Each structure stands twice: as structure tokens, then as C-alpha cells.
1. Which value, in debye to the nearest 20, describes the size of the charge dipole of the chain about its Cα centre when Lys and Arg Cβ atoms bear +1, Asp and Glu Cβ atoms bear -1, and nothing else is charged?
2. List every DSSP H helix in the chain whose Cα atoms extend 20 Å or more along the helix's own long axis and whose mean Kyte-Doolittle hydropathy is at least 0.0.
3. Evaluate E = 1/(1 + (r/R0)^6) for ALA310 and GLN241, where r is the Cβ-Cβ distance and R0 equals 45 Å; express this FRET efficiency to the nearest 0.05.
4. For ILE406 and ASP261, compute 0.36 nm times the residue count separating them, minus their Cα-Cα distance, and round to one decimal in nm.
5. How much length would be gained if the chain were fully extended between ASN159 and GLU51, taking 0.36 nm per residue of separation minus their Cα-Cα distance, in nm to one decimal?
6. With point charges of +1 on the Cβ of Lys and Arg and -1 on the Cβ of Asp and Glu, referenced to the Cα centre of segment 371-471, which listed residue (VAL413, THR384, VAL398) lies farthest in the positive direction of the dipole?
7. Go ahead and collect, in residue order, the members of segment 392-406 whose backbone nitrogen is under 12 Å from a label point 7 Å along the Cα-Cβ direction of LEU469.
8. Taking a temperature of 37 °C and a viscosity of 0.692 mPa s, what whole-number D in µm²/s does Stokes-Einstein yield for segment 371-471 with Rh from Kirkwood over alpha carbon pairs?
Amino acid sequence: MSPAGEDGALRLLLDARRTYRHGPEAIDARQRARLAELVDFARGHGSVYRELYQDLPGRVEDPRLLPVTSKAALMARFDDWVTDPRASRERVQAFVADPAQIGQPFLAIPPGYRGGSRAGYTVATTSGTTGTRGMFLLDERALAVTTALSSRMLSTWLNASALPRLIAGRGRLAMVTATGGHFASTAAAARLRRTRRGRRRVQALSVHTPLPELVTQLNAFPPAVLAPYATTAALLATEQQAGRLRIRPALVALAAEGLPDPEIARIATAFGSAVGNSYAATECPFLSYSCHHGWLHVNADWAILEPVDADHRPTPPGQQSHTVLLTNLANRAQSILRYDLGDSVLARPDPCDCGSPLPAIRVQGRTADLLTLPTTHGTTVTLTPLTLSTRLDRLPSVALFQILQISPTELSVRIQPAPGATPQQAWAHVHRELTDLLAAHGLAQITVRRAEQLPQPATGGKYRLVQPLADTPG
């Protein structure tokens, strides 16, 4: 691990700006050098990559020389994958099982210790959209890179005209995120709130909160920056247009899900603010950010994203890929190298009109759907996929699930029990969580049934966890 001082956020920020200014050749040079360093580190600090890379040249600067990895394969060998020998699967599982540890550092150690991450690791978990739940350790370096590249993102999204609103909002940040689990967004919010200043300026609001209550909370804490999941932002934009929500953020920073361009434009109009979008993953939280021309730019000095076909052969620019292979050049706690992310992307074949030297993509595989359910009063309540799925992600008895709306008032749930749990136990836990959630949103009359089928993957191998009525197979 690099000492914290060598990879501090300020130094990384200056390097990122300098690299960006010097254009594609400088970005490519940084990428090649960092890949060679990471490959060397990975095969020297874990048996997984030592075995995979035993026949490779001494220095590797081309990712196409590396074998493809996957979440399922790496998670199956967790103890051989992590580079800190103290971070065993057993210890990480015990950590994430304790809600009191959300956002707390894992394995923090005192100064002077020569191994591991001095400040500990941020632990994040993922849902099973690829059929396997993940546990990921983010080290100091990865977090510092995330901070540095955030400035690149914000400088693209904001201009001088946003300054009065930022000042009026006193820099307040409202994050509408999943709570109750070790998700990356939850951990980020907890880290920001650790200081006294952070507690005054950062609010972490739950995506599980019924919409009227969420509106009340935001009106009481009018943010300068609103950072919700994308589909939650769409719901809040409707509340703003109706006059129930009355906030004036300088920026709405979308995360986690995709939205059509007209919906992003509606959000911008509703709040009269800049809207930024990003495509990222727990495995690489700084992966990309949007420009004003609607493209997503990959931070290629710190990440490699390879569009490939079903046989993992390169997909030509301008063609939709079957999946995409991710390499995170920053995180060494759990090296992510040619990792099958399962998303379908299209790489732009020419430079983007915005002038960015970074490669531009559009993502097909992360367009989210809203679930609209009727109340007994003749109105409707709209729930985002994450509102539902994050409620079930924390259940240890459930390995994987899918929620299908099979009629306006009926949900069917496919369940794959976790090892050691019976189908009856898993269903009892799922039914309790979903009925409690629905009741909290005034939807107690919605029927929740158990499906006979196990969860089914979509084309590309990912599992779509929530399917609204219009998209549910007949």
C-alpha cells in the first residue's frame, strides 16, 4: 500500500488536472503505467492473481493480455483475493452483519504499522444483480482518487452562475440514499458526517421514506446540492413542479440508475439547476461522469472500461457491447482487473463535442423502472427499484430475489435462499420486509405472493431485481 501522504487527494487532484490538460496521450500513458504497477502488485500480494498471471510477461501495459475475472469467481476465493491478510471473509461478514458499523472504518490501525491501510477500509456491499452478492474493501488510495476526480466532475457540471445558490445554501448536501446496509452511498454519507462541520452540512435521508415525509425533510433542510438516486430525483421533480417541494439546489447529482434524456431535462427544468449524471459501480465509484452533451466520460487515467462481446472480444466503437470489462487502477485492497461488470455500453467512435479528452460512452444496461401502485383512496404511490431492493439486500437468509408486478395490486417474489437458510425462512423474512415497507407507504392492500420460480437472469447475465407490470412476462 502507498503511504497516505504519497497519494493524498491534493496531489492526486493536481496530477488529474495536469493529465487532463495534456490530452489523450497523457491519459493513455498514465493508464499504462498504473496498469503495470497494479498487475505487479496484484500477483505479488494474493494467490488468485499469482495463479492467473503466472504465464504473463514481467510487465503488462495492455489489459487484453489479462484473463477475465468475475464477481462470482473472486468472491468464491475471497481470502485469496484480499491483499490484507487480516481481512478474512469471516471478519468482513461479521463487520457487515453489524448495523452499528455502517460507515465506520474496518481494521483501522495505529500509525507506524507497516502493512495494510492505516485508516482502515471502507466496506461496501452490493446486491446480487449478477447472481452473487459482493463485499468490497475500498482503501485510502481509492477514496483519495474518488475525492480528486470528484473535482473534475463538479467543474464540468457547475459554472460561476451556480455560486450564488451554493452560498445561499451554505454548501449543504442532501443525499437520498439506501440506509440500513453497507452500501457505498451509505458509507460515503457516514464518512462526510463524522466531523462537526459535516453533521451541520450533510443530511443522509432514506430512500425508504414515504415521499410526503421526504419532501418535508428536504424543505426543512434546503440543500445547495441534492444527491438522490436518479428515479428518486424524478419523483422529487414532480413534487417540485406541484409546489409541494420548495428547494433551489445549485446542482442535482444523480446516481445509481439511468434515465432517458427527456427525464433528465425535466429534472433540470423543475429545479432550475444543473443536473449531473454518473455511471459507476461499487467496484469503481469514480468510473465516469456526464457532460453537457449527454455522454458519460470514463476517467481513463484511473479506470479501464472495455466494451466486449459475449466471448469477451472487443466491440468496435459505435456498436453496443454485450458486456463490459472493468479495471480499477486505484484500489489495491481487492484488485479489480478485467472484471465482467455485466452492463451493455456503446463507446463513441469520435471525440465528444464537449471537448473532453476522456473516452465517451452511453450505457444501455442501467435504465431503471418505476413501480406504480394504487392506494385505497384512488391515488397512486410510485416506488423506485432501489426503495424495494435495498430493503431486501440486508436479509442474510436471501441470496437473490426478483420482484415482479403481475397486476396493479399484486407483487410476485422469486427467491433464492442463502446457504443454510430454508425457502420457508427466506420467504418469511421477505414477506415481512415488503409488507412493512408497503404499509409505510400507504399500500397495505397490495398482495405479496411467493413465486415458484427462482430468479431468472436477463440477456447479458444480470438479474433485473424489479420488473413493473408493463415489463413482466405474461
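1. 1660
2. Details: long enough: 24-44 (30 Å, -0.45); 140-157 (26 Å, 0.28); 423-440 (25 Å, -0.29).
Flagged H segments are 140-157.
3. 0.60
4. Details: separation 145, 0.36 × 145 = 52.20 nm, distance 2.83 nm.
Result: 49.4 nm gained on full extension.
5. On the way: separation 108, 0.36 × 108 = 38.88 nm, distance 4.89 nm.
Taking ASN159 through GLU51 to full extension adds about 34.0 nm, to one decimal.
6. Value computed over the given set: VAL398.
7. From segment 392-406, the list is 405-406.
8. On the way: Rh = 13.8 Å.
Estimated diffusion coefficient is 238 µm²/s.
Read-outs throughout are calculated quantities, based only on the coordinates presented, and are distinct from any laboratory measurement. Predicted model only: the values in this text are computed from it and were never measured. Cβ coordinates were reconstructed from backbone atoms using ideal geometry, including for glycine residues, and neighbour counts include every protein chain displayed.
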